[in-house]
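Okay, so here's the structure we're looking at.
The values are calculated or read from the model by the stated rules, or taken from the named source; none is laboratory data. Being a predicted model, the structure only gives us computed values, none of them experimental. Here the Cβ positions follow ideal geometry from the backbone for every residue, glycine too, while neighbour counts run over all protein chains shown.
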Amino acid sequence: MNRDALHDDRARAIALAGLFQAARLVQQTGRGQRRDTGATHAVVASIFNTDPADVMAVYGGAAALHNGLEVLNRQLGSNSGERDLELTAYAVTLLALERKLARDRRLLDRLAAGIGAIARPPADVLDETVITALAGLYQQTISTLTPRVMVRGEPEILASPEAQRMIRALLLGGMRAAVLWHQCGGNRLRLIFGRRTLRAAARALLQEATARS
């Protein structure tokens, strides 16, 4: 990817939208709520898109991030009542895990090799065999780091192997977004002091997504 294009607020907003889209899908899965298939596909497919032409190509366009952009717009807003603290907790934990992963070369190599080894039909990343493989890879890599992502939801749903596999695959998609955020120059200070410009970029992307959806 072009390094100049990486380091702008649009690129960082795309990465954060991907992160919050993954977090929202994890939340919906844990609660037994319906997930948007297109949004789920975009998050899972991003795991395999390791050499994109640009930041947006990781997700295949703004429309694929519509849900994440809506969440991001609310999370960055001045009205604290609109923010979802559960989603914030998921995002913050994934960002912290990404920094630990970045310092562990052996684990990074293991993760990259695992992704490369998973055979997938290009148009069907939500196939059960793919989700199962991604969930296993998450357990073998990211789950070995702390802090652990503590997923809330309905106990009977969280106990379901199917839900567990989907949640782990989505969390791996969230890690992909966290890596992208760092590649785009994202850090804690940008989240604290750059909220206004990030939200402006997110709102522009949301308008773009709405026009194309």
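Scanning segment 64-74 turns up at least one residue that is modelled with pLDDT of 95 or more, small (Gly, Ala, Ser) and more than 27 Å from PHE193 (Cα to Cα). When restricted to residues that are surrounded by 14 or more Cβ atoms within 10 Å (Cβ to Cβ) and assigned to a helix (DSSP H, G or I), segment 117-138 contains 9. Of the helices (runs of 4 or more DSSP H) entirely within segment 143-213, those holding at least 3 residues that are in contact with a Lys or Arg (Cβ under 9 Å, 6 or more places away or on another chain), in contact (Cβ under 8 Å) with a residue 12 or more places away in the chain and buried (at least 16 other Cβ atoms within 10 Å of the Cβ) occupy 161-183, 195-212. The residues on offer are ALA133, ALA119, and the sole one that is within 16 Å of GLY173 (Cβ to Cβ) and hydrophobic (A, V, I, L, M, F, W, C) is ALA133. Right, ASP54: over 20 Å from GLY186 (Cα atoms), touching a residue at least 24 places away in the same chain (Cβ under 8 Å) and surrounded by fewer than 24 Cβ atoms within 10 Å (Cβ to Cβ) or not? No; evaluated as a whole, the condition is false for this residue. The requirement of being farther than 27 Å from ARG34 by Cα and without any contact (Cβ under 8 Å) to a residue 24 or more places away in the chain is satisfied by ARG106. Once segment 89-116 is narrowed to residues that are assigned to a helix (DSSP H, G or I) and of a type in the set (Asp, Glu), the residue that is nearest to LEU170 (Cα to Cα) is GLU98.
Selection of segment 121-133 for residues being within 16 Å of VAL26 (Cβ to Cβ) and in contact with a Lys or Arg (Cβ under 7 Å, 6 or more places away or on another chain) yields only ILE131. Summed over segment 44-54, the residues that are part of a loop (DSSP other than H, G, I, E, B) and either closer than 16 Å to LEU87 by Cα or of a type in the set (Gly, Ala, Ser) (or both) give a count of 1.
The residues on offer are SER80, SER143, and the sole one that is modelled with pLDDT of 95 or more and small (Gly, Ala, Ser) is SER143. Of all residues in segment 22-43, those that are part of a loop (DSSP other than H, G, I, E, B) have Cβ atoms under 9 Å from Cβ atoms of residues that are among the hydrophobic types (A, V, I, L, M, F, W, C), 6 or more apart or on another chain, in GLY32/ILE157; GLY32/ALA163; ARG35/LEU25; ARG35/MET166; ARG35/LEU170; ASP36/LEU25.
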